[in-house]
Amino acid sequence: LWSQDSPGVPGRAEYGDTFGSSLAAADFGNGPYADLAVGIPSKFIGPDQVTDGAVGFLYGGPRGLTGSGSAIWTNLTFGLDPGETPELGYGLEAG
């Protein structure tokens, strides 16, 4: 069971974040193991706490997924303004 309160996962769980509402598994380049992208489309982001959404990444290891080195990407990660892409993480795909 994973949440933003899991060890190593950045941020903190907040009511209504919808952490895990969408998922995509693939090798996202952090080693030879399968990783997991986790949609958080109702995450509050930025100084104004805009409902912007986010995508979390849990990386795989020899014993499965780990919070170590995990990341949360938001609009701010890419230099976009909060609210510019609402519900980031609503739907995920990997190939």
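The values are calculated or read from the model by the stated rules, or taken from the named source; none is laboratory data. All figures in this text were calculated on a predicted structure; none of them were measured in a lab. Don't worry about glycine lacking a Cβ; one is built from the backbone with ideal geometry, like all the others, and counts go over all protein chains shown. Remember, those area values only see protein heavy atoms, side chains included, never the ligands or the DNA or RNA. Shrake-Rupley method; radii C 1.70, N 1.55, O 1.52, S 1.80 Å.
Packing order of peptides 64-76, 32-44, 11-23, highest average first: 32-44, 64-76, 11-23 (average count of other Cβ atoms within 10 Å over each peptide's residues).
Under a 1.4 Å probe, what is the accessible area of the chain per residue, stated in Å²? Before the final figure, lay out the partial values.
Numbers: 5540 Å² over 95 residues.
On a per-residue basis, 58 Å².
At the listed q of 0.13, 0.18, 0.22, 0.24 Å⁻¹, the Debye profile of the chain, built from one uniform point per Cα, gives log10 I(q)/I(0) equal to -0.40, -0.76, -1.09, -1.25.
Within the accessible surface of the chain, defined with a 1.4 Å probe on protein heavy atoms only, the carbon and sulfur portion equals 55 percent.
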